[in-house]
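Just below is one structure, and these are the notes that go with it.
The values are calculated or read from the model by the stated rules, or taken from the named source; none is laboratory data. Note that the coordinates shown come from a computational prediction; the quantities given were computed from them, not determined experimentally. Backbone-built Cβ (ideal geometry, glycine too); neighbour counts: all protein chains shown. Remember, those area values only see protein heavy atoms, side chains included, never the ligands or the DNA or RNA. Shrake-Rupley method; radii C 1.70, N 1.55, O 1.52, S 1.80 Å.
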Amino acid sequence: MSAFTEYVDASPSSFHAADEAAKLLTNAGFTQQSIAGEWDNTPGGHVMTVGGAVLAWWIPEKITIQPIRIVGAHTDSPGFKLKPQPEWVTCGFSQAGVEVYGGAILSSWFDRELVLAGTVTLADGSSQLVSTPPALRIPHLAIHLDRSANQSFAPDKQSHLQPIVDVVGDPAVGGEPMGVLELVARAADVRARDIVSYDLITCDSQPAATTGAAGNLIATGRLDNLSSVWPAVTALIQATAQAPDAILMACCFDHEEVGSSSRTGAGGPLLKQVIDRILAAAGLSSDEKYRVINSSIMVSADAAHSVHPNYVERHDPHVYPVLGAGPMVKYNANQRYATTAESAAAFIRACDRADVPVQEFVSNNDVPCGSTIGPIFSTRTGINTVDVGIPLLSMHSARELCHADDIDYLTAALQAFYEGEED
């Protein structure tokens with residue numbers, strides 16, 4: 001699992017996750033495509049990054065009226081975004097103003113050594129990725145000062161979640177504690193005054209680790225949803241090694257944790273633009289394009305819930321997906337997932353071809369589930385979609401848990417999906 005955990009450790013933000021995925025693809029021979037550049041429809045692999053999104057696709061020698069096989073995922077994870085004007089000093093501590101991003105389990109972020117990671121834009125108009133050393137920390141209040149801490153925990157998001165960055169030293173030495181923007185500037189090797197804007201998020205600095213008695217569990221942050229991004233990209237690379245005769249795509253979007261409504265989210269125009277430009281460059285008529293789109297299929301890959309042994313009552317009483325038993329097909333009668341009978345069967349057949357076990361997930365009726373890019377993508381494009389994902393514990397914690405075998409299972413299943421069924 002070293003390749004997967006190395007990818008996660010190198011991806012503290014959605015921008016890094018997209019960039020690292022693009023590196024894997026270019027190292028495998030994929031050609032970089034600019035969204036604003038002239039379109040290149042040369043047969044072979046192509047990859048495009050836009051902010052925290054990365055899209056990759058394979059062009060066959062001849063594009064005909066046949067389905068496109070697509071895997072979608074998302075690169076972002078919950079955390080704390082750095083606000084504008086984020087610096088102040090309280091009682092000798094410099095602090096960083098942050099805003100909650102997504103549905104984080106807030107308690108899991110306390111008393112951890114945090115980095116800030118993402119992108120900065122400079123006065124000359126250039127942008128660069130940056131990741132600071134582990135210098136931020138959100139400290140708990142000592143239990144001596146709050147005897148009810150173990151009975152209830154409801155921090156005020158404005159007052160109690162602002163990390164400390166530095167503390168004033170010996171008063172005889174003088175000087176102020178370092179501010180967060182100076183910390184970012186040093187990490188980027190630029191002057192703080194040259195940073196015009198930024199998009200930075202907290203990340204737990206602790207690297208991924210194996211755990212469990214057999215050493216087959218992976219504990220790390222951002223499993224939701226890098227546990228789908230890496231398999232999607234790796235499966236595409238493996239499936240295209242044999243030069244397939246169909247269009248294959250891996251589309252990893254940003255901002256899923258906050259609704260996907262952005263330029264680089266699944267609700268934005270990126271995927272539709274790429275498909276339109278591919279088919280237009282191939283000379284397909286309007287009717288032929290619709291025939292391709294309406295016969296295509298997508299796997300929406302996003303992490304899902306394992307049954308929790310300490311909270312079994314929060315799950316459906318008859319459907320118990322577990323770590324290490326393979327990816328799950330996710331169902332929801334209220335269309336929180338996009339799975340249809342037809343799309344589910346297609347993914348299950350791919351698992352069968354790959355000799356991968358497959359599970360099912362459905363929520364307890366009294367515990368509403370979240371959603372994914374699947375319904376958004378399916379609604380915008382009309383492409384039949386199945387929602388799948390590997391089981392996690394501690395989803396949306398600063399440090400989540402999965403089974404190493406499930407990463408391999410999902411990768412193999414997605415490769416079989418890309419390779420398609422024999423005629």
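Relative contact order for the range 102-200 using alpha-carbon pairs under 8 Å, separation at least 6, rounded to a whole percent?
Normalised by residue count, the contact order of the range 102-200 is 34 percent.
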- Query: How much of the accessible area of the chain, probe 1.4 Å, is carbon plus sulfur, in whole percent?
  - Reply: 50
- Message: At 7 Å along Cα-to-Cβ for each site, give me the label-to-label distance between A280 and D352 in nm.
- Response: 4.0
- Message: What number comes out for accessible area per residue over the range 1-43 if the probe is 1.4 Å? Units Å², please.
- Response: 46
- Item | Per-residue ³J(HN,Hα) for the range 154-159, Karplus 6.51 cos²θ - 1.76 cosθ + 1.60, θ = phi - 60°, Hz, x for Gly and Pro | 9, x, 6, 5, 7, 8
- Task: Could you order peptides 121-128, 255-262 by the average number of other Cβ atoms within 10 Å of their residues, highest first?
- Result: 255-262, 121-128
- With axes computed from alpha carbons, what is the tilt in degrees of helix 14-27 against the longest principal axis of the chain, rounded to the nearest 10 within 0 to 90? 50
- Task: Considering the options Q359, P84, I70, tell which one lies farthest towards the positive end of the dipole of the chain, charges being +1 on Lys and Arg and -1 on Asp and Glu at the Cβ, about the Cα centre.
- Result: P84
- Task: Tell me what the chain gives for mean residue ellipticity at 222 nm when only DSSP H runs of n ≥ 4 count, each as -39,500 (n - 2.57), the sum divided by the residue total, rounded to 500 deg cm²/dmol.
- Result: -8000 deg cm²/dmol
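Can you give the charge dipole size of the chain about its Cα centre, rounded to the nearest 20 debye, using +1 on the beta carbon of Lys and Arg and -1 on the beta carbon of Asp and Glu? All intermediate terms of the calculation are to be shown ahead of the outcome.
On the way: 25 positive and 48 negative charges, 119 e Å.
Dipole about the Cα centre, nearest 20: 580 debye.
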- Task: Please figure out what share of the DSSP beta bridges in the chain is antiparallel and state it in percent, rounded to the nearest 5.
- Result: 70
- Task: Calculate how steeply helix 223-240 sits against the longest principal axis of the alpha-carbon atoms of the chain, using the helix alpha-carbon long axis, and give the answer as 0 to 90 degrees to the nearest 10.
- Result: 40
- Message: Sequence gap at least 6, Cα distance under 8 Å: using those rules, report the relative contact order of the chain to the nearest whole percent.
- Response: 22
- Query: Candidates (1) 37, 22, 21; (2) 39, 27, 17; (3) 52, 24, 18; which is the computed semi-axes √(5λ) of the Cα gyration tensor in Å?
  - Reply: (2)
- Message: Place a point 7 Å from Cα of A241 in the direction of its Cβ. Which residues in the range 30-56 have their backbone N less than 18 Å from it?
- Response: 30-31, 44-46
- Item | Nearest-ten-degree value, helix 286-295 long axis tilted from longest Cα axis of the chain | 70
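So, by mean Cβ neighbours within 10 angstrom, what's the order for 341-350, 219-228 with the highest one leading?
Details: 341-350: 17.1, 219-228: 26.8.
Put in order of decreasing packing, that is 219-228, 341-350.
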- Message: Report the number of Lys pairs in the chain whose alpha-carbons are under 28 Å apart, with separation of 8 or more residues or on distinct chains.
- Response: 9
- Task: Name the residues whose placed amide hydrogens come within less than 5 Å of the amide hydrogen of Q32, ignoring near sequence neighbours (fewer than 5 apart) on the same chain.
- Result: V47
- Quick one: what does P(r) look like for the range 265-357 with 5 Å bins over all Cα pairs, in whole %? 2, 10, 14, 17, 16, 14, 11, 6, 4, 3, 1, 0
- The distance between the Cα centres of the range 295-319 and the range 385-413, in whole Å, is 10
